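Written below as structure tokens is the structure these notes are about.
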Amino acid sequence: MNFRNANLLSALLAATFGGVAQASTPFQWSTDEVLLGSTTNSSRTADDVVANPFNVDQIFVAQTGNTSNQAILRFTLTRVGGLITGATLDYDSISSLNHNGQGLKSLDFYNADTLYYTLEEGGPNTYGLIGRATSLAADPLVHTQVADLTGVRADGGSAYDPEGIAIDRLNSFLYVMTDDSADQSVAQYTINGDGSLSATPNWSTTFASGVGNGNDGIVLSDGRVATVAGSSSVNIYAISQDGTTVTDLLGGATSGSGRDTPQDLLEFDGFLYLAWESGIIDAFDLTSPSTTPTASIDLDTLIAGGVSIGGIDVTSDGHLLVATRAAGGSTGEIYAFNAIPEPGSIALLGLGGLALIRRRRRA
């Protein structure tokens, strides 16, 4: 059996027995990519992908470009015995907010019928916007502006390019992260019962000074919000829920050959994954933080033609999702990497196979 078939078998076993390997080692996913779809217009990137935590077979993608067609795409996954084999595009809902062609950068879910997103600064929206999309069952979605980010920077800076968004569903907090050439900030809003946001942020704090390229973030399992700043050498920061404490999660900057521009973070099974636009994903053990990754993969070596990562996420049953940015006039694409099963699942299959053989012999 070749390596590709072995990986597919492992993924099928995971789907059959419902098991995903635990955190003894990172990257418990098949190395065989499954192409799920692409953006609906040429030169439009897939800048983020989020799995619907309320529907295991739905994923949403942020499509962005420099002039138009800022849209939310919904795909429904197709499966064989739980293994992801592809997807169908359900709709692409163009944002109706007055964004003057500025990029739709980041998505996150609040509840089964509501997600929030960021639009970059520019044109009439000098400081960027936060939008809300509701009625997710079918297009047209209802798009509502819920925040104008004018004046929310902790340092009073004139630019606030909202690259990242993260939602704490348990406590109804929304975090928005900047991308500024000088200082990087994060602000916390309260999500009200009607889906609107608090009129002003609960707090806004600068987590990195003199550093460019702030980007997306996540809410960690311990309730802190994590985000990243830097270019080829980056730090990952965790900010306390009240905004008063900023911690360098790795104890210093991480870097390495081929790594350029951090794009997204993911916490899964005890590891923190950092996705670089250049195609590399690093895994860091949260139980023993270090600036040296525990393990890494380079999607350029797995996907023909190479990739430029826009965002990553996992489905609620543990399969990895990767959104890629367009290059050379092409479309952005979305991929899945199926989960590899727990060792116990393989043993279970072996016992089941022996039982079946004995049953046939008796017959």
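Numerical summary
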| item | result |
| --- | --- |
| Neighbourhood net charge (15 Å Cβ-Cβ; Lys/Arg +1, Asp/Glu -1) for A112 | 0 |
| Net charge over other residues, Cβ less than 10 angstrom from the Cβ of P26 (K, R count +1; D, E count -1) | -3 |
| Extended-chain gain in nm, criterion 0.36 nm per residue less alpha-carbon gap, N202 and D242 | 13.6 nm |
| Full-stretch length increase - D194, S43 - with 0.36 nm per residue and alpha-carbon distance subtracted | 50.8 nm |
| A304 paired with S96, simple spin-label distance in nm, labels 7 Å along Cα-to-beta-carbon | 4.2 |
| P(r) weight above 15 Å for segment 282-329, C-alpha pairs, percent | 61 |
| Placed amide H near A87: partners under 5 Å, 5+ positions off or other chain | T78 |
| Debye log10 I(q)/I(0) at q = 0.16, 0.18, 0.21 Å⁻¹ for segment 176-283, Cα point scatterers | -0.70, -0.87, -1.12 |
| Cα Rg, Dmax (largest Cα-Cα span) when computed across segment 248-328, Å | 12.6, 41 |
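Read-outs: derived from the displayed coordinates by stated rules, not from any lab. This is a predicted model, so every value here is computed, not measured. With ideal geometry, Cβ positions are generated from the backbone for all residues, glycine too; neighbour counts draw on all protein chains shown.
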